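Accompanying notes for the structure given below.
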Amino acid sequence: MADAAETDDKTAGAALAPAFPIKLLIIVSVIALLFGVGGAVVAVKFFGGSDKNAEHAEEHKTEAVAKSDAQGGASGKAGQTAAPGVMFDLDPFIVNLADVPDVRYLKLTVKLEVDSEAVSADLSARVPQVRDAVLVLLSSKDVNAVRTTQGKFQLRDEITQRINGLLPKPGVRSAYFTDFVVQ
């Protein structure tokens with residue numbers, strides 16, 4: 001009988017003993033996983049943003065801030081960002097690019113950010129002129145000019161300048177591409 005009581009105690013002790021190390025192992029694993037993920041996030045945050053596209057985007061952002069300061073520096077306090085403007089939609093453009101001898105197409109959808117509803121109404125009255133100016137500009141480009149990120153930024157600025165040239169008072173802040181396909 002004494003032997004039976006001893007084996008019951010040993011099996012009960014053996015059954016309880018592994019439960020504690022498994023819980024401890026799970027807790028340690030979860031903590032290590034959290035530290036690993038946190039370390040990866042910190043590493044990407046500090047060391048991951050050094051590619052050329054990020055640098056170019058930062059340069060373009062700096063240029064855009066400088067342009068907006070030059071255009072509307074007296075309109076607001078320093079350090080505040082301007083409120084988003086009214087969005088004006090243009091129908092999609094499909095044009096032949098100026099590639100010779102290849103025939104290439106560009107499909108482009110543009111949204112314009114304008115200063116006010118008055119500018120939007122003025123653009124609505126001049127849609128044929130706006131579309132003509134953009135079509136002439138787009139068809140003068142070749143595939144190498146519009147395929148790069150820098151080419152797209154330049155095209156955005158040229159569209160904005162051309163449309164502002166049509167208006168009595170420049171009111172287009174920026175052009176945004178919502179669809180851009182080269183074939």
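Rule-based calculations on the coordinates, nothing more; no lab input. Bear in mind that the values here come from a model prediction, so they are computed numbers and not experimental data.
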Can you flag which of Lys45/Lys111; Lys141/Lys169; Lys107/Lys169; Lys111/Lys169 are past 21 Å Cα-Cα? Lys45/Lys111; Lys141/Lys169; Lys107/Lys169
How large is ³J(HN,Hα), in whole Hz, for each residue of the stretch 103-114 in order, when computed from phi with the Karplus curve 6.51 cos²θ - 1.76 cosθ + 1.60 and θ = phi - 60°, using x for Gly and Pro? 9, 10, 10, 10, 10, 9, 10, 10, 10, 9, 9, 10
